[in-house]
Amino acid sequence: MSIYEQLMAELEKAEPNILGNRFARMQIDGNEYSVRCSSASSRTSFSSWSRIDFKKDGKKIAKSELI
C-alpha cells in the first residue's frame with residue numbers, strides 16, 4: 001500500500017470536526033505525515049469545494065482541490 005493510500009485510509013476513518021473538516025496523522029518510515037480535508041460551500045451560488053493538504057514533517061508536499 002502506498003503512502004498516499006495509507007493516508008487516505010486514515011482520513012476516511014477520522015471523525016469530522018464541527019465544521020466537517022477531517023485530519024489524520026501517522027508515522028511512516030520515521031517521517032510524520034499528515035493529511036487534512038477542508039470543505040466549504042456557498043449559500044448564494046450553491047457551489048461547494050474541498051481541498052486536501054498533505055504534509056511531510058510539517059512541510060506541505062501536495063495540495064488537491066476538488067470543485
### Task
Give just the number: which of (1) in contact with a strand residue (DSSP E or B) (Cβ under 8 Å, 6 or more places away or on another chain); (2) modelled with pLDDT of 85 or more does residue 48 not satisfy?
(2)
### Task
Give the residues of the stretch 5-41 that are over 18 Å from residue 51 (Cβ atoms), open to solvent by less than 90 Å² (accessible area, probe 1.4 Å) and assigned to a helix (DSSP H, G or I), sorted by residue number.
6, 9
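The values are calculated or read from the model by the stated rules, or taken from the named source; none is laboratory data. Just so it is clear, the structure is predicted and the values come from calculations on it, not from any experiment. Cβ atoms come from the backbone with ideal geometry, glycine included; neighbour counts cover every protein chain shown. Heads up: the accessible areas ignore ligands, DNA and RNA and are worked out on the full protein's heavy atoms, side chains in. Shrake-Rupley method; radii C 1.70, N 1.55, O 1.52, S 1.80 Å.
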